[in-house]
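Below is one structure; the comments refer to it alone.
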Amino acid sequence: MFFNDIHLESNLDSLQLYDLSFENSRLGVELADVFDSDPLLPGVILTENQSFIGMISRRQFLEYLLLPQGLDLFLDNPLRVFFRYNHNDLLVLSAKTPILTALQRALKRSPQFASEPVIVCVAPADYRVLDFGQLSLTAWQLRGIETQVRYERTQAQMIQSERMASLGRLVDGIAHEILDPVGFIWGNLTHIDRYSQDLLQLIAAYQTHIPNPPAPLQALIEDLELDYLQADVPRAVESVTTGAKRLRDLAMSLQNFCHVDDVYPKPADLHTVLDGILLLLKSRLSSEIAIKKSYCQLPPITCYVGHLTQVLMNILITAVDSLLEPAVTNQVRSPRPDGTEPDIIPPTIEIVTAIQSQRDRPDLKRPGRWVSIRIADNGPGMSADEQEKLRESFTIQRRTEKETSLSLSYQIITAKHGGEFLFTSTPGDRTEFEIILPFD
């Protein structure tokens, strides 16, 4: 039996519950007649003075009747006699218990009672009987739905991953095509700068040795505004050089971001990775959001640079999103210890790198040196409920149900790099994420 409105989060109150009750003073033959007239009835609630005391299941009642002298002993006597003989492992669950959880609880009973009905409490002093067969069938149907949902989610993730991989290869190819002409420009800018300086030096020498040029030359000098050209050419060359450098850095950042990690990790410059991500996010970083960087001296760190880039991108996007509204309203405030009116400070993202050891950080899970990357924002922070949901998303069960960018980041750091992914947040003050990677 299966109901159309049953879904993965359905509770026991979604199933058919039997509310027939018997006083223990009634005779066993009366219960036998009831079971005979309703072959689907799994059991009845047993009461004494209309108060719940237990349950009599169809299976056990019939088994006791088949015992020697069972008919004489249990049919013609009150049900309290049968109840004294019957030692049932009662399982009482709330009506709000999820169906899948209820099946797990039911199967943990002793083997002889594993298929016994379940008692469902729908309200104080209101108990019903749930057929174990119905519970089992519905739960396994839900398991099938759950498996199908997971399969479809996995397929969607595989398709999305393939799309992102194809997009990454496409962007990497575009970045490579950009770098080729930029390389030509960058390589020739040095010569153009030297040639322009030589020409300007030659013009200056002519002006020194021929202070009074012929009228046609003088007219040409005035027409070309030679004094302006001599001052503007170096600025123009410098401007082109700066633009070419920015374009080259942007294309290289795109290549690093789209980098497909190899089977083994490779050394990478984490500061270059961070600066590249900031360059890619420049369009989202409004002028009101300040970036403060405090980098230590770091050697190349062995990591999966493509995956690590994605993690850092996820954290920085989270920080930027939390600061967008304060950046518009200019309402980021720094509380004062004395409780007076807080100062208004600009929205800020702070990035700090450091090398630490277990002596500096006793909370590190193993000895050795570690690289710490801390990214903090002075946004509104997370509420206690939001923090709890984020921590739950790091668990395997929650990641299976719904994989978020931060839960994926946690998995990349902890499982793929053997590091730690930590965060702290103070409501109304700041949020800080910390990535800790093994150094040696």
Name the residue that is modelled with the highest pLDDT, counting only residues in segment 251-279 that are surrounded by 17 or more Cβ atoms within 10 Å (Cβ to Cβ) and either more than 26 Å from the chain's Cα centre (by Cα) or farther than 22 Å from VAL371 by Cβ (or both).
ALA251
Being open to solvent by less than 60 Å² (accessible area, probe 1.4 Å), in a helix (DSSP H, G or I) and touching a residue at least 24 places away in the same chain (Cβ under 8 Å) is the requirement here; does GLN134 meet it?
yes
Given the criterion within 36 Å of the chain's Cα centre (by Cα), under 24 Å from ASN11 (Cβ atoms) and at pLDDT below 80, identify the matching residue among ARG143, ARG163, ARG153.
ARG153
Contacts under 7 angstrom Cβ, first residue in segment 38-55 being touching a residue at least 24 places away in the same chain (Cβ under 8 Å), partner among the polar types (S, T, N, Q) and open to solvent by 20 Å² or more (accessible area, probe 1.4 Å), 6 or more apart
VAL44/SER21; ILE45/SER21; THR47/SER21; GLY54/ASN88; MET55/ASN88
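Can you name the residue in segment 391-415 that is part of a helix (DSSP H, G or I), of a type in the set (S, T, N, Q) and more than 21 Å from PRO265 (Cβ to Cβ) and, of all such residues, is modelled with the lowest pLDDT?
Applying the first criterion (part of a helix (DSSP H, G or I)) to segment 391-415 yields 391-393, 396-401, 405-415.
Adding the requirement that they be of a type in the set (S, T, N, Q) leaves 393, 397, 400, 405, 407, 409, 411, 414.
Checking which are more than 21 Å from PRO265 (Cβ to Cβ) leaves us with 393, 397, 400, 405, 407.
Details: SER393: 79, GLN397: 55, THR400: 49, SER405: 78, SER407: 83.
Of everything passing the filter in segment 391-415, THR400 is modelled with the lowest pLDDT.
Going by the conditions given, is SER25 of a type in the set (S, T, N, Q), in contact with a helix residue (DSSP H, G or I) (Cβ under 9 Å, 6 or more places away or on another chain) and over 18 Å from LEU130 (Cβ atoms)? Don't jump to the end; show me each part of the working.
Working: of a type in the set (S, T, N, Q): yes; in contact with a helix residue (DSSP H, G or I) (Cβ under 9 Å, 6 or more places away or on another chain): yes; over 18 Å from LEU130 (Cβ atoms): yes.
Judged against the criteria, SER25 is a match.
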Just the residues that are over 45 Å from the mean Cα position of the chain (by Cα) and in contact (Cβ under 8 Å) with a residue 40 or more places away in the chain, please, taken from segment 59-102.
ARG59, GLN60, PHE74, LEU75, ASP76, ASN77, PRO78, LEU79, ARG80, VAL81, PHE82, PHE83
Is it the case that some residue within segment 95-109 is of a type in the set (A, V, I, L, M, F, W, C) and within 18 Å of GLU23 (Cα to Cα)?
no
Residue count, segment 62-75 (criterion: surrounded by fewer than 16 Cβ atoms within 10 Å (Cβ to Cβ) and farther than 11 Å from ALA32 by Cβ):
6
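Just name the residue that is least open to solvent (accessible area, probe 1.4 Å) out of those in segment 377-394 that are more than 18 Å from the chain's Cα centre (by Cα) and either within 23 Å of PHE439 (Cβ to Cβ) or not small (Gly, Ala, Ser) (or both). Reasoning before the result, please.
Initial filter on segment 377-394 (more than 18 Å from the chain's Cα centre (by Cα)): 377-380.
With either within 23 Å of PHE439 (Cβ to Cβ) or not small (Gly, Ala, Ser) (or both) added as a condition, the list becomes 377-378, 380.
Details: ASP377: 10, ASN378: 26, PRO380: 71 Å².
Residue satisfying both the conditions and the ranking: ASP377.
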Every residue in segment 1-57 that is open to solvent by 50 Å² or more (accessible area, probe 1.4 Å), part of a helix (DSSP H, G or I) and within 22 Å of CYS121 (Cβ to Cβ), please.
ASP13
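The values are calculated or read from the model by the stated rules, or taken from the named source; none is laboratory data. Note that the coordinates shown come from a computational prediction; the quantities given were computed from them, not determined experimentally. Quick reminder, even Gly has a Cβ in these numbers, built from the backbone with ideal geometry, and neighbours come from all protein chains shown. Each accessible area value is taken on the protein alone, full model and side chains, heavy atoms only, with ligands, DNA and RNA left out. Shrake-Rupley method; radii C 1.70, N 1.55, O 1.52, S 1.80 Å.
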